[in-house]
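The values are calculated or read from the model by the stated rules, or taken from the named source; none is laboratory data. Since the model is a prediction, treat every value here as computed from it, not as a measurement. Don't worry about glycine lacking a Cβ; one is built from the backbone with ideal geometry, like all the others, and counts go over all protein chains shown. Heavy atoms of the whole protein, side chains included, go into the accessibility calculation; ligands, DNA and RNA do not. Shrake-Rupley method; radii C 1.70, N 1.55, O 1.52, S 1.80 Å.
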Amino acid sequence: PLVSPQETLMGKYGEEAKRIYELQDQGGELLALRYDLTVPFARYLAMNKITNMKRYHVAKVYRRDNPATTRGRYREFYQCDFDIAGQFDPMIPDAECLKIVHEILSDLQLGDFLIKVNDRRVLHGVFAACGIPESKFLTTCSTVDKLDKMPWEEVKNEMIGEKGLSPEAADRIGEYVQLNGGLDLIERLLQDPKLSQNKLAKEGLGDMKLLFEYLTLFGITGKISFDLSLARGLDYYTGVIFEAVLLQQENSHVEESVSVGSVAGGGRYDGLVGMFDPKGRKVPCVGVSIGIERIFSILEQKVKAAGEKLRTTETQVLVATPQKHLLAARLKLISELWDAGIKAEMFYKKDPKLLKQLQYCEDTGIPFAAIVGEQELTDGVVKLRDVATRQEVRM
(Lines give C-alpha, C1' and ligand atoms only; values in the text may rest on other atoms or scores of the structure.)
Protein backbone atom coordinates (compact mmCIF):
# COMPACT_ATOMS: atom_id res chain seq x y z
CA PRO A 1 0.00 0.00 0.00
CA LEU A 2 0.96 3.62 -0.66
CA VAL A 3 -0.12 4.74 2.80
CA SER A 4 0.98 3.07 6.04
CA PRO A 5 0.39 3.71 9.72
CA GLN A 6 3.16 6.06 10.86
CA GLU A 7 4.57 3.55 13.33
CA THR A 8 5.07 1.08 10.47
CA LEU A 9 7.56 3.42 8.82
CA MET A 10 9.11 5.12 11.83
CA GLY A 11 12.25 3.63 13.33
CA LYS A 12 13.29 1.79 10.15
CA TYR A 13 15.27 4.50 8.35
CA GLY A 14 17.58 6.04 10.95
CA GLU A 15 18.39 9.66 10.18
CA GLU A 16 16.44 9.41 6.90
CA ALA A 17 13.13 9.37 8.85
CA LYS A 18 12.94 13.17 8.65
CA ARG A 19 12.14 12.76 4.95
CA ILE A 20 8.99 10.69 5.46
CA TYR A 21 5.76 12.45 4.43
CA GLU A 22 3.45 12.32 7.42
CA LEU A 23 -0.29 12.80 6.97
CA GLN A 24 -2.32 14.70 9.58
CA ASP A 25 -4.42 12.75 12.04
CA GLN A 26 -7.90 12.20 10.59
CA GLY A 27 -10.26 10.11 12.64
CA GLY A 28 -7.64 8.83 15.04
CA GLU A 29 -5.16 7.49 12.47
CA LEU A 30 -1.64 8.79 11.98
CA LEU A 31 -0.56 7.82 8.48
CA ALA A 32 2.46 8.34 6.23
CA LEU A 33 3.32 7.93 2.53
CA ARG A 34 5.74 5.10 1.77
CA TYR A 35 9.40 6.11 1.67
CA ASP A 36 10.48 3.00 -0.23
CA LEU A 37 9.02 -0.32 -1.40
CA THR A 38 10.96 -2.45 1.09
CA VAL A 39 9.14 -1.77 4.36
CA PRO A 40 5.66 -2.23 2.82
CA PHE A 41 6.90 -5.48 1.23
CA ALA A 42 8.12 -6.77 4.61
CA ARG A 43 4.79 -5.84 6.17
CA TYR A 44 2.95 -7.63 3.34
CA LEU A 45 4.97 -10.84 3.90
CA ALA A 46 4.25 -10.76 7.64
CA MET A 47 0.51 -10.03 7.28
CA ASN A 48 0.03 -12.82 4.75
CA LYS A 49 2.33 -15.32 6.52
CA ILE A 50 4.46 -15.68 3.37
CA THR A 51 7.86 -17.23 4.05
CA ASN A 52 9.09 -17.60 0.49
CA MET A 53 8.80 -15.15 -2.36
CA LYS A 54 10.76 -13.71 -5.24
CA ARG A 55 9.34 -10.63 -6.89
CA TYR A 56 9.94 -7.33 -8.62
CA HIS A 57 7.85 -4.22 -8.09
CA VAL A 58 7.88 -0.89 -9.95
CA ALA A 59 6.03 1.91 -8.14
CA LYS A 60 6.17 5.44 -6.79
CA VAL A 61 7.70 6.41 -3.46
CA TYR A 62 7.71 9.75 -1.65
CA ARG A 63 10.45 11.70 0.13
CA ARG A 64 10.47 15.18 1.65
CA ASP A 65 13.65 16.15 -0.09
CA ASN A 66 15.04 19.24 -1.73
CA PRO A 67 14.38 18.35 -5.35
CA ALA A 68 17.21 18.63 -7.85
CA THR A 69 15.52 17.72 -11.11
CA THR A 70 18.69 17.85 -13.22
CA ARG A 71 20.18 15.12 -11.04
CA GLY A 72 16.97 13.09 -11.11
CA ARG A 73 16.11 13.87 -7.50
CA TYR A 74 12.39 14.33 -6.86
CA ARG A 75 9.85 14.22 -4.04
CA GLU A 76 7.73 11.70 -5.93
CA PHE A 77 9.60 9.17 -8.02
CA TYR A 78 9.63 5.59 -9.24
CA GLN A 79 11.71 2.79 -7.84
CA CYS A 80 12.11 -0.68 -9.24
CA ASP A 81 12.76 -3.29 -6.54
CA PHE A 82 13.89 -6.91 -6.80
CA ASP A 83 13.62 -8.95 -3.61
CA ILE A 84 14.23 -12.55 -2.63
CA ALA A 85 12.61 -13.64 0.64
CA GLY A 86 13.14 -17.04 2.24
CA GLN A 87 15.51 -19.25 4.20
CA PHE A 88 18.34 -20.15 1.83
CA ASP A 89 22.02 -20.97 2.05
CA PRO A 90 24.25 -17.92 2.59
CA MET A 91 24.99 -15.47 -0.23
CA ILE A 92 23.31 -17.35 -3.12
CA PRO A 93 20.29 -14.99 -3.41
CA ASP A 94 22.56 -12.03 -2.55
CA ALA A 95 24.81 -12.88 -5.50
CA GLU A 96 21.76 -13.10 -7.76
CA CYS A 97 20.61 -9.60 -6.74
CA LEU A 98 24.03 -8.25 -7.71
CA LYS A 99 23.87 -10.16 -11.00
CA ILE A 100 20.51 -8.48 -11.75
CA VAL A 101 21.91 -4.99 -11.12
CA HIS A 102 24.97 -5.79 -13.25
CA GLU A 103 22.77 -7.05 -16.08
CA ILE A 104 20.43 -4.05 -16.05
CA LEU A 105 23.16 -1.41 -15.90
CA SER A 106 25.07 -3.20 -18.69
CA ASP A 107 21.98 -3.45 -20.91
CA LEU A 108 21.02 0.20 -20.43
CA GLN A 109 24.50 1.23 -21.64
CA LEU A 110 24.68 4.14 -19.23
CA GLY A 111 28.47 4.07 -19.31
CA ASP A 112 31.00 2.72 -16.87
CA PHE A 113 29.62 1.71 -13.47
CA LEU A 114 30.83 0.21 -10.22
CA ILE A 115 28.88 -1.80 -7.68
CA LYS A 116 30.26 -1.24 -4.17
CA VAL A 117 29.65 -4.02 -1.67
CA ASN A 118 30.13 -4.11 2.10
CA ASP A 119 28.57 -5.85 5.09
CA ARG A 120 26.94 -4.24 8.11
CA ARG A 121 28.63 -6.85 10.33
CA VAL A 122 32.08 -5.95 8.98
CA LEU A 123 31.38 -2.27 9.74
CA HIS A 124 30.14 -3.22 13.19
CA GLY A 125 33.34 -5.16 13.78
CA VAL A 126 35.53 -2.32 12.50
CA PHE A 127 33.77 0.18 14.78
CA ALA A 128 34.06 -2.15 17.76
CA ALA A 129 37.75 -2.80 17.03
CA CYS A 130 38.32 0.98 16.85
CA GLY A 131 36.67 1.50 20.23
CA ILE A 132 33.39 3.12 19.12
CA PRO A 133 30.57 2.55 21.63
CA GLU A 134 27.51 0.64 20.34
CA SER A 135 25.30 3.70 20.98
CA LYS A 136 27.22 5.71 18.36
CA PHE A 137 27.21 2.98 15.71
CA LEU A 138 24.36 4.29 13.54
CA THR A 139 25.36 7.96 13.59
CA THR A 140 28.97 7.02 12.78
CA CYS A 141 27.60 4.89 9.95
CA SER A 142 25.78 7.80 8.35
CA THR A 143 28.94 9.94 8.56
CA VAL A 144 31.14 7.24 6.98
CA ASP A 145 28.54 6.95 4.21
CA LYS A 146 29.45 10.51 3.09
CA LEU A 147 32.94 9.44 2.00
CA ASP A 148 31.83 9.22 -1.62
CA LYS A 149 30.85 12.92 -1.55
CA MET A 150 33.42 14.39 0.88
CA PRO A 151 37.17 13.92 1.42
CA TRP A 152 38.27 11.93 4.48
CA GLU A 153 39.41 15.07 6.36
CA GLU A 154 35.87 16.52 6.33
CA VAL A 155 34.33 13.19 7.33
CA LYS A 156 36.83 12.94 10.18
CA ASN A 157 35.98 16.47 11.37
CA GLU A 158 32.28 15.63 11.40
CA MET A 159 32.98 12.48 13.45
CA ILE A 160 34.94 14.43 16.03
CA GLY A 161 32.98 17.71 15.98
CA GLU A 162 29.38 16.55 15.53
CA LYS A 163 29.40 12.90 16.56
CA GLY A 164 31.72 13.30 19.54
CA LEU A 165 34.32 10.63 18.69
CA SER A 166 37.89 10.98 19.89
CA PRO A 167 40.48 11.96 17.23
CA GLU A 168 42.32 8.66 17.88
CA ALA A 169 39.15 6.61 17.27
CA ALA A 170 38.43 8.58 14.08
CA ASP A 171 41.97 7.94 12.81
CA ARG A 172 41.65 4.23 13.55
CA ILE A 173 38.37 4.12 11.57
CA GLY A 174 40.09 6.01 8.75
CA GLU A 175 42.63 3.23 8.31
CA TYR A 176 39.83 0.80 7.47
CA VAL A 177 37.11 2.81 5.73
CA GLN A 178 39.45 4.05 3.00
CA LEU A 179 40.15 0.48 1.86
CA ASN A 180 38.57 -1.13 -1.19
CA GLY A 181 39.36 -4.14 -3.36
CA GLY A 182 38.31 -7.71 -4.01
CA LEU A 183 39.04 -11.19 -2.68
CA ASP A 184 42.63 -10.22 -1.85
CA LEU A 185 41.40 -7.49 0.53
CA ILE A 186 38.92 -9.87 2.17
CA GLU A 187 41.72 -12.41 2.74
CA ARG A 188 43.92 -9.67 4.20
CA LEU A 189 41.22 -8.49 6.61
CA LEU A 190 40.50 -12.07 7.71
CA GLN A 191 44.14 -12.13 8.90
CA ASP A 192 43.83 -8.69 10.57
CA PRO A 193 44.68 -9.13 14.30
CA LYS A 194 42.03 -6.64 15.48
CA LEU A 195 39.18 -7.84 13.23
CA SER A 196 39.79 -11.55 13.61
CA GLN A 197 39.04 -11.12 17.35
CA ASN A 198 35.58 -9.80 16.51
CA LYS A 199 32.86 -12.41 15.98
CA LEU A 200 30.62 -10.21 13.80
CA ALA A 201 33.46 -8.99 11.58
CA LYS A 202 34.65 -12.55 11.10
CA GLU A 203 31.15 -13.73 10.10
CA GLY A 204 30.73 -10.81 7.71
CA LEU A 205 34.13 -11.32 6.08
CA GLY A 206 33.48 -15.07 5.75
CA ASP A 207 30.22 -14.34 3.92
CA MET A 208 31.94 -11.68 1.78
CA LYS A 209 34.49 -14.25 0.69
CA LEU A 210 31.69 -16.64 -0.28
CA LEU A 211 29.85 -13.86 -2.12
CA PHE A 212 32.93 -12.97 -4.18
CA GLU A 213 33.42 -16.64 -5.09
CA TYR A 214 29.85 -16.75 -6.46
CA LEU A 215 30.28 -13.40 -8.24
CA THR A 216 33.42 -14.80 -9.88
CA LEU A 217 31.34 -17.72 -11.18
CA PHE A 218 28.75 -15.23 -12.50
CA GLY A 219 31.66 -13.48 -14.23
CA ILE A 220 30.91 -10.00 -12.88
CA THR A 221 33.69 -9.24 -10.37
CA GLY A 222 35.27 -6.75 -12.79
CA LYS A 223 32.57 -4.21 -11.89
CA ILE A 224 32.33 -5.03 -8.18
CA SER A 225 34.39 -3.56 -5.36
CA PHE A 226 34.42 -4.53 -1.69
CA ASP A 227 34.37 -1.03 -0.21
CA LEU A 228 34.62 -0.47 3.54
CA SER A 229 33.32 3.10 3.32
CA LEU A 230 29.89 1.96 2.12
CA ALA A 231 27.48 2.23 5.03
CA ARG A 232 23.99 3.02 3.59
CA GLY A 233 22.10 5.10 6.11
CA LEU A 234 19.08 2.86 6.62
CA ASP A 235 18.61 1.05 9.91
CA TYR A 236 17.04 -2.14 8.61
CA TYR A 237 20.10 -3.64 6.87
CA THR A 238 21.59 -6.57 8.76
CA GLY A 239 24.24 -8.05 6.47
CA VAL A 240 25.54 -7.44 2.99
CA ILE A 241 24.85 -3.95 1.58
CA PHE A 242 25.52 -2.65 -1.93
CA GLU A 243 25.26 0.44 -4.05
CA ALA A 244 25.77 0.95 -7.78
CA VAL A 245 27.37 4.18 -8.93
CA LEU A 246 28.01 5.50 -12.42
CA LEU A 247 31.55 6.57 -13.17
CA GLN A 248 32.32 9.53 -15.36
CA GLN A 249 35.51 9.60 -17.35
CA GLU A 250 36.70 13.17 -16.71
CA ASN A 251 38.99 13.06 -19.74
CA SER A 252 40.66 10.21 -21.52
CA HIS A 253 44.21 10.73 -20.20
CA VAL A 254 43.15 10.84 -16.52
CA GLU A 255 42.92 7.37 -15.01
CA GLU A 256 40.90 8.48 -11.99
CA SER A 257 37.15 8.18 -12.70
CA VAL A 258 34.65 10.17 -10.64
CA SER A 259 31.22 9.01 -9.53
CA VAL A 260 28.05 10.57 -10.97
CA GLY A 261 25.99 9.26 -8.09
CA SER A 262 24.07 6.25 -6.96
CA VAL A 263 21.59 4.63 -9.36
CA ALA A 264 20.80 1.51 -7.32
CA GLY A 265 21.21 0.26 -3.79
CA GLY A 266 20.16 -2.54 -1.52
CA GLY A 267 21.17 -5.21 0.89
CA ARG A 268 20.07 -7.86 3.31
CA TYR A 269 17.35 -7.10 5.86
CA ASP A 270 16.74 -10.25 7.89
CA GLY A 271 14.94 -8.62 10.83
CA LEU A 272 12.36 -6.46 9.07
CA VAL A 273 9.56 -9.01 8.48
CA GLY A 274 9.79 -10.14 12.12
CA MET A 275 9.00 -6.58 13.25
CA PHE A 276 5.54 -6.84 11.66
CA ASP A 277 4.77 -10.46 12.60
CA PRO A 278 2.67 -10.72 15.79
CA LYS A 279 4.73 -13.77 16.82
CA GLY A 280 7.99 -12.20 15.68
CA ARG A 281 8.60 -14.90 13.04
CA LYS A 282 11.53 -13.87 10.91
CA VAL A 283 11.84 -14.19 7.16
CA PRO A 284 15.34 -13.50 5.81
CA CYS A 285 15.27 -11.12 2.82
CA VAL A 286 17.68 -9.53 0.40
CA GLY A 287 16.80 -6.97 -2.23
CA VAL A 288 17.90 -4.19 -4.51
CA SER A 289 16.24 -0.99 -5.59
CA ILE A 290 16.90 0.88 -8.83
CA GLY A 291 16.15 4.62 -9.12
CA ILE A 292 14.30 5.10 -12.38
CA GLU A 293 14.29 8.93 -12.67
CA ARG A 294 17.99 9.01 -11.84
CA ILE A 295 18.60 6.73 -14.82
CA PHE A 296 16.25 8.76 -17.04
CA SER A 297 18.09 11.99 -16.27
CA ILE A 298 21.40 10.35 -17.22
CA LEU A 299 19.96 8.95 -20.47
CA GLU A 300 18.54 12.38 -21.32
CA GLN A 301 21.91 14.05 -20.74
CA LYS A 302 23.59 11.46 -22.97
CA VAL A 303 21.12 12.08 -25.79
CA LYS A 304 21.59 15.86 -25.44
CA ALA A 305 25.38 15.58 -25.37
CA ALA A 306 25.32 13.51 -28.57
CA GLY A 307 23.15 16.18 -30.20
CA GLU A 308 20.39 13.66 -30.89
CA LYS A 309 16.63 14.20 -30.69
CA LEU A 310 14.87 12.84 -27.66
CA ARG A 311 11.81 10.95 -28.89
CA THR A 312 8.88 11.11 -26.49
CA THR A 313 6.52 9.28 -28.83
CA GLU A 314 6.57 5.93 -30.59
CA THR A 315 4.48 7.21 -33.52
CA GLN A 316 5.60 5.59 -36.76
CA VAL A 317 3.64 7.69 -39.22
CA LEU A 318 1.78 11.00 -39.38
CA VAL A 319 -1.26 11.02 -41.65
CA ALA A 320 -1.12 14.37 -43.48
CA THR A 321 -3.07 16.23 -46.14
CA PRO A 322 -1.78 18.99 -48.45
CA GLN A 323 -5.12 20.71 -49.30
CA LYS A 324 -8.30 21.78 -47.55
CA HIS A 325 -11.45 19.69 -47.03
CA LEU A 326 -9.63 16.36 -46.70
CA LEU A 327 -10.33 15.56 -43.05
CA ALA A 328 -12.52 12.59 -44.09
CA ALA A 329 -9.62 11.05 -46.06
CA ARG A 330 -7.31 11.41 -43.06
CA LEU A 331 -9.80 9.85 -40.65
CA LYS A 332 -10.38 6.88 -42.98
CA LEU A 333 -6.68 6.27 -43.55
CA ILE A 334 -5.68 6.62 -39.89
CA SER A 335 -8.43 4.21 -38.90
CA GLU A 336 -7.02 1.63 -41.34
CA LEU A 337 -3.53 2.12 -39.95
CA TRP A 338 -4.69 1.82 -36.33
CA ASP A 339 -6.64 -1.35 -37.15
CA ALA A 340 -3.45 -2.79 -38.67
CA GLY A 341 -1.57 -2.10 -35.44
CA ILE A 342 0.48 0.77 -36.87
CA LYS A 343 1.21 3.66 -34.50
CA ALA A 344 -0.20 6.69 -36.28
CA GLU A 345 -1.09 10.29 -35.48
CA MET A 346 -2.79 13.18 -37.23
CA PHE A 347 -3.41 16.87 -36.57
CA TYR A 348 -6.65 17.64 -34.73
CA LYS A 349 -7.38 20.44 -37.18
CA LYS A 350 -9.72 20.41 -40.15
CA ASP A 351 -7.30 22.05 -42.57
CA PRO A 352 -3.71 22.08 -41.30
CA LYS A 353 -0.90 23.41 -43.52
CA LEU A 354 1.34 20.69 -45.00
CA LEU A 355 4.53 22.47 -43.94
CA LYS A 356 3.34 22.54 -40.31
CA GLN A 357 2.56 18.83 -40.42
CA LEU A 358 6.00 17.94 -41.83
CA GLN A 359 7.72 20.27 -39.35
CA TYR A 360 5.91 18.44 -36.53
CA CYS A 361 7.34 15.14 -37.82
CA GLU A 362 10.85 16.60 -37.71
CA ASP A 363 10.40 18.08 -34.24
CA THR A 364 9.07 14.89 -32.67
CA GLY A 365 11.14 12.42 -34.68
CA ILE A 366 8.23 10.74 -36.47
CA PRO A 367 9.99 8.90 -39.34
CA PHE A 368 7.20 8.85 -41.99
CA ALA A 369 4.37 10.99 -43.28
CA ALA A 370 1.50 9.36 -45.21
CA ILE A 371 0.14 12.07 -47.48
CA VAL A 372 -3.27 11.94 -49.19
CA GLY A 373 -4.17 14.82 -51.50
CA GLU A 374 -6.87 15.10 -54.16
CA GLN A 375 -4.59 13.55 -56.81
CA GLU A 376 -3.77 10.58 -54.53
CA LEU A 377 -7.47 10.01 -53.81
CA THR A 378 -8.24 10.01 -57.55
CA ASP A 379 -5.40 7.54 -58.24
CA GLY A 380 -6.23 5.38 -55.18
CA VAL A 381 -2.73 5.73 -53.72
CA VAL A 382 -0.98 7.14 -50.68
CA LYS A 383 2.26 9.10 -50.90
CA LEU A 384 4.67 7.89 -48.21
CA ARG A 385 7.40 10.39 -47.36
CA ASP A 386 10.58 9.58 -45.47
CA VAL A 387 10.87 12.66 -43.26
CA ALA A 388 14.67 12.55 -42.87
CA THR A 389 15.67 11.90 -46.50
CA ARG A 390 12.60 13.59 -48.06
CA GLN A 391 12.22 10.69 -50.48
CA GLU A 392 8.65 9.85 -51.53
CA VAL A 393 7.01 6.69 -52.86
CA ARG A 394 3.44 6.17 -54.07
CA MET A 395 1.76 3.02 -52.85
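Quick rundown of the values:
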read-out: Rough spin-label spacing in nm, given labels placed 7 Å along Cα→Cβ, for Leu299 and Lys163; value: 3.7 nm
read-out: Cα-based helix-to-principal-axis angle, 152-161 vs the chain, degrees rounded to 10; value: 60 degrees
read-out: Separation between Cα centres of segment 260-312 and segment 206-236, rounded to whole Å; value: 17 Å
read-out: Spin-label model distance (nm) - Phe137 vs Thr364, 7 Å beyond Cα toward Cβ; value: 5.7 nm
read-out: Karplus (6.51, -1.76, 1.60) ³J(HN,Hα), θ = phi - 60°, over segment 66-72, in Hz, Gly and Pro reported as x; value: 8, x, 9, 4, 5, 8, x
read-out: Tensor-based shape of segment 109-246 (alpha-carbon gyration tensor, a/c under 1.5 rounded, otherwise prolate or oblate); value: oblate
read-out: Relative contact order for segment 3-306, counting Cα pairs under 8 Å that sit 6 or more residues apart, in percent; value: 25 percent
read-out: Förster-model FRET efficiency, 22 Å R0, Arg188 and Glu213, C-beta, rounded to 0.05; value: 0.85
read-out: Gyration tensor verdict on segment 13-121 (Cα atoms; rounded if a/c is under 1.5, prolate if a/b is larger than b/c, oblate otherwise); value: oblate
read-out: Within the accessible area of the chain (1.4 Å probe), percent carbon and sulfur; value: 53 percent
read-out: Phi to ³J(HN,Hα) by Karplus 6.51 cos²θ - 1.76 cosθ + 1.60 over segment 357-362, Hz, x for Gly, Pro; value: 5, 5, 4, 4, 4, 5
read-out: Built amide H within the under 5 Å cut-off of Tyr13, gap 5+; value: Asp235
read-out: Entries of Lys223/Lys279; Lys12/Lys54; Lys302/Lys383; Lys116/Lys309 with Cα pairs more than 32 Å apart; value: Lys223/Lys279; Lys302/Lys383; Lys116/Lys309
read-out: Principal-axis tilt of helix 327-339 within the chain, Cα atoms, nearest 10 degrees; value: 50 degrees
read-out: Net length gained if the chain between Glu175 and Ala306 were fully extended (0.36 nm per residue, minus Cα distance); value: 43.0 nm
read-out: Heavy-atom accessible area per residue - segment 317-394, 1.4 Å, Å²; value: 63 Å²
read-out: DSSP bridge pairs, the chain: antiparallel proportion in percent, nearest 5; value: 85 percent
read-out: Tyr348/Lys149 FRET efficiency (R0 41 Å; Cβ-Cβ; nearest 0.05); value: 0.25
read-out: Debye log10 I(q)/I(0) for the chain, one point scatterer per Cα, at q = 0.06 Å⁻¹; value: -0.36
read-out: Mean accessible surface per residue for segment 72-203, computed with a 1.4 Å probe while every protein chain stays in place, in Å²; value: 48 Å²
read-out: Nearest 10 degrees, 0 to 90: helix 199-218 Cα axis against the chain principal axis; value: 30 degrees
read-out: For segment 221-368: rounded, prolate or oblate by the Cα gyration tensor [a/c cutoff 1.5]; value: oblate
read-out: Isotropic mean projected area of the C-alpha convex hull, segment 171-221 (nm²); value: 3.6 nm²
read-out: Within the chain, helix-based [θ] at 222 nm, where runs of 4 or more DSSP H residues each add -39,500 (n - 2.57), nearest 500; value: -11000 deg cm²/dmol
read-out: Length-normalised contact order for segment 253-335 - Cα pairs under 8 Å, 6+ apart - percent; value: 20 percent
read-out: Extension gain from Asp25 to Lys99, taking 0.36 nm per residue of separation minus the Cα-Cα distance; value: 22.3 nm
read-out: Using θ = phi - 60° and Karplus 6.51 cos²θ - 1.76 cosθ + 1.60, couplings along segment 85-98 (whole Hz; Gly, Pro as x); value: 10, x, 8, 10, 6, x, 6, 6, x, 4, 5, 5, 4, 5
read-out: Per-pair calculated FRET efficiency, R0 = 25 Å: Gln87 and Ala17 via Cβ, rounded to 0.05; value: 0.25
read-out: Sequence-distant residues sharing a close amide H with Arg73 (under 5 Å, placed H); value: Ala68
read-out: Restricting segment 273-329 to GluC sites (Glu not before Pro) in coil, as DSSP defines it, with at most 12 other Cβ within 10 Å; value: Glu308, Glu314
